[in-house]
Amino acid sequence: MNYHWNWHIFLEPNPMGTGTYLDMLLSGLWLTIGTGLAAWIIALVLGSIVGVLRTLPSRAASWIGFAYVEFFRNMPLLVQLFLWFFVLPELLPRTWGLWLKQLPHAPFYTAAIGIGLFMSARVAEQLRAGIGSLPRGQKMAATALGLNTVQTYAYVLLPMAFRIILPPLTSEFINTIKNTAVAITIGLLELTGEARSMQEFSFQVFEAFTAATVMYLLLNLVIVTAMRLIERAVAIPGYISGK
Amino acid sequence: MKRSYLFGLALAAAFGASQAGAEELTGTLKNIKDTGAITLGFRDSSIPFSYLDDNQKPVGFAMDICYKVVDAVKKELKLDKLEVKLNPVTSSTRIPLLANGTIDLECGSTTNNAERQKQVTFTNTHFLTASRYVSKKSSNINSIDDLKGKTVVSTAGTTNIKQLTEANVARNLGANIIPAKDHAEAFLMVETDRAAAFVMDDILLASLVAGSKDPSIYVISKDAFSKPEPYGIMLRKDDPAFKKVVDAATAAVYTSGEGQKLYDQWFMAKIPPKGLNLNTPIGPELKAEFAKPSDSPDPDSYKPAM
């Protein structure tokens, strides 16, 4: 291997004039965190709504939930982002399309919403499975107590279902963070994007991607630890994940 | 004690043997002789330097030059037969593949600059290009100053986006600079009005415009963000024997007038697959460089002949 390792490269000034190469990667890391968190909030909120829809007794509601989930999870994320960013503005009336195109930080918003929608389909499926795994007697007991559907979900089903699906939700959260890397395709310079531009400028490709790998690893370790703490905090003694 | 002594002897013998063998040929040349093959790295869409034609075969100006180098290597090593392997590379894979020995030459449109010389080396310059921008004629952007407050796109990680960023500060343009993943996508941003202009090497802009749906609606600027910068064929660093052969071969092509002939074939005539004609006459700086080949990364060293 004829490669010139240079681990000091991170402390050298980057050609964009924004500090060192490390600063460049860190700015990408912040963007990854920002996009990931925004997408995760969207995924959690929409996913919960759709997941509940799929378990409601109403035929129409469960059909809407089904259509939503299949639409968003059956298309590659890359294709979805491309559609939202390049195709959607062309389909809208011209003035709206132009407004959309000229929004500042368009790649960030498109990525956060696009990844959020994609992940919400997965969260919805998790939640449906979680609700489905509860004994049927719980729902019946709630009805017998005189609770209506909203109350049944709010006080009986969801608190248990969310506890059950916390471990798989951790994986989905991590997936959301990793999926932000796809956003370079619409020009969002997150961590992977910055690592790529660092290697184009300096030609130190292995150093750039090693640093990006370490940053992703640390970020996801923080998430896993935080989710474990949440799991422990909300665990109910004597029940599945409780002690 | 005895064991370590024997081990040391064996090590010395092995070392000595490899040294003796290395005296004749070293590095890439030795490898080519041993395997009877040379591997060229090509780009899939660097028109007209290195790209795939309609038979999925890599062709282009840089490819033709590389084939001349292959002939020279064959002659140098006195081989009857030299197999040419082709390996696709992208801007992210070209360095690792060159470093680990998968490819021996990168034939494309890689800018030769001082920063990159720390990692790789380049043979004689085969093209000079300046940073310009393309915009729609309808948006009436006639000079760099007209970019004030506009959204301008460039490809992430290129020298062009760096020059654009510098000009934005130096000239107080206040332009909103967005990075794109690759050239095709950056051009798409101009095509769909997401950006008013795309800053890139002028020759790449010319090929993007020529290949677009309606080339007549675009205009490439007269104003440039930079002096003409050199493109070179990339090779491994610290392999002077191989570089000498490659330098001699490319110099022979350029000075013999063959370089000019190849230039006209790829830049002044119809090229496959769609019969585009880039219509880009050779610049005075490149003409002077062909007469006196140079592998300098410094744009200032390329001057038109007097």
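Read-outs throughout are calculated quantities, based only on the coordinates presented, and are distinct from any laboratory measurement. Quick caveat, the model's predicted, so the values are computed rather than measured. As a convention, Cβ positions derive from the backbone with ideal geometry for all residues, glycine included, and neighbour counts pool all protein chains shown.
Data for the structure
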quantity	calculated
Mean Cα-pair separation over length for chain B, i.e. relative contact order, pairs under 8 Å, 6 or more apart, %	23 percent
Mean ellipticity per residue at 222 nm, deg cm²/dmol - from DSSP H runs of n ≥ 4 across chain A, formula -39500 (n - 2.57)	-22500 deg cm²/dmol
Residue (of B:Leu52, B:Phe290, A:Ala233) at the positive-pole extreme of the protein assembly as shown, dipole from beta-carbon charges	A:Ala233
Selection from B:Ala184, B:Gly157, A:Ala144, by position along the positive dipole direction of the protein assembly as shown (Cβ)	A:Ala144
Given charges at Cβ of Lys, Arg, Asp, Glu: region A:22-234 dipole, positive-most of A:Phe72, A:Ile164, A:Thr95	A:Ile164
Euclidean distance of C-alpha centroids, region B:219-291 and region A:177-215, integer Å	31 Å
Antiparallel bridge percentage (DSSP; both residues within the protein assembly as shown; nearest 5)	60 percent
For B:Leu105, distant residues with modelled amide H under 5 Å away	B:Thr39, B:Gly41
Whole-Å distance, taken between Cα centres, linking region B:97-135 and region B:146-182	22 Å
Three-way shape call for region B:205-285 based on the alpha-carbon gyration tensor, with the a/c threshold at 1.5	prolate
Sequence of B:Lys137, B:Lys162, B:Lys30 once ranked by neighbouring C-beta atoms within 10 Å, starting from the fewest	B:Lys137, B:Lys30, B:Lys162
Qualifying lysines (Cα of each under 30 Å from Cα of B:Lys150; at least 8 residues distant if same chain)	A:Lys101, B:Lys136, B:Lys137, B:Lys162, B:Lys181, B:Lys213, B:Lys222, B:Lys227
Placed amide H near B:Ala180: partners under 5 Å, 5+ positions off or other chain	B:Ser154, B:Thr155, B:Ala156
Size of electric dipole in region B:131-220: Cβ of Lys, Arg +1 and of Asp, Glu -1, about Cα centre, debye, nearest 20	160 debye
Global form of region A:22-234, assessed from the alpha-carbon gyration tensor, a/c cut-off 1.5	oblate
Per-residue ³J(HN,Hα) for region B:190-207, Karplus 6.51 cos²θ - 1.76 cosθ + 1.60, θ = phi - 60°, Hz, x for Gly and Pro	6, 4, 9, 6, 6, 9, 7, 8, 10, 9, 7, 4, 4, 5, 5, 4, 4, 6
Antiparallel %, DSSP beta bridges [both residues in region B:131-220], to 5	50 percent
Inter-centroid distance (Cα atoms) of region A:18-39 relative to region A:118-134, Å	30 Å
Sorted by Cβ neighbour density within 10 Å, fewest at the top, the residues A:Ile131, B:Ile220, A:Ile164	B:Ile220, A:Ile164, A:Ile131
Charge dipole magnitude, Cβ of K and R +1, D and E -1 - the protein assembly as shown, Cα centre, debye nearest 20	1660 debye
Angle in degrees between helix B:240-255 and the longest Cα principal axis of chain B, rounded to the nearest 10	50 degrees
Backbone HN-Hα couplings from phi across region A:128-142 [Karplus 6.51/-1.76/1.60, Hz, Gly and Pro as x]	4, 5, x, 5, x, 7, 6, x, 4, x, 5, 5, 5, 4, 4
Given charges at beta-carbon only (K, R positive; D, E negative), |dipole| of chain A in Debye	1180 debye
Estimated 222 nm signal from helices in chain B, with DSSP H stretches of n ≥ 4 weighted -39500 (n - 2.57), rounded to 500	-12000 deg cm²/dmol
Relative contact order of chain A, pairs being alpha-carbon contacts under 8 Å that are 6 or more residues apart, as %	27 percent
Rounded tilt (10° steps) of A:205-234 against the dominant C-alpha axis of chain A	20 degrees
Fewest-first sequence of A:Thr225, B:Thr165, B:Thr102 by Cβ atoms within 10 Å of each Cβ	A:Thr225, B:Thr102, B:Thr165
Nearest 10 degrees, 0 to 90: helix A:191-202 Cα axis against chain A principal axis	10 degrees
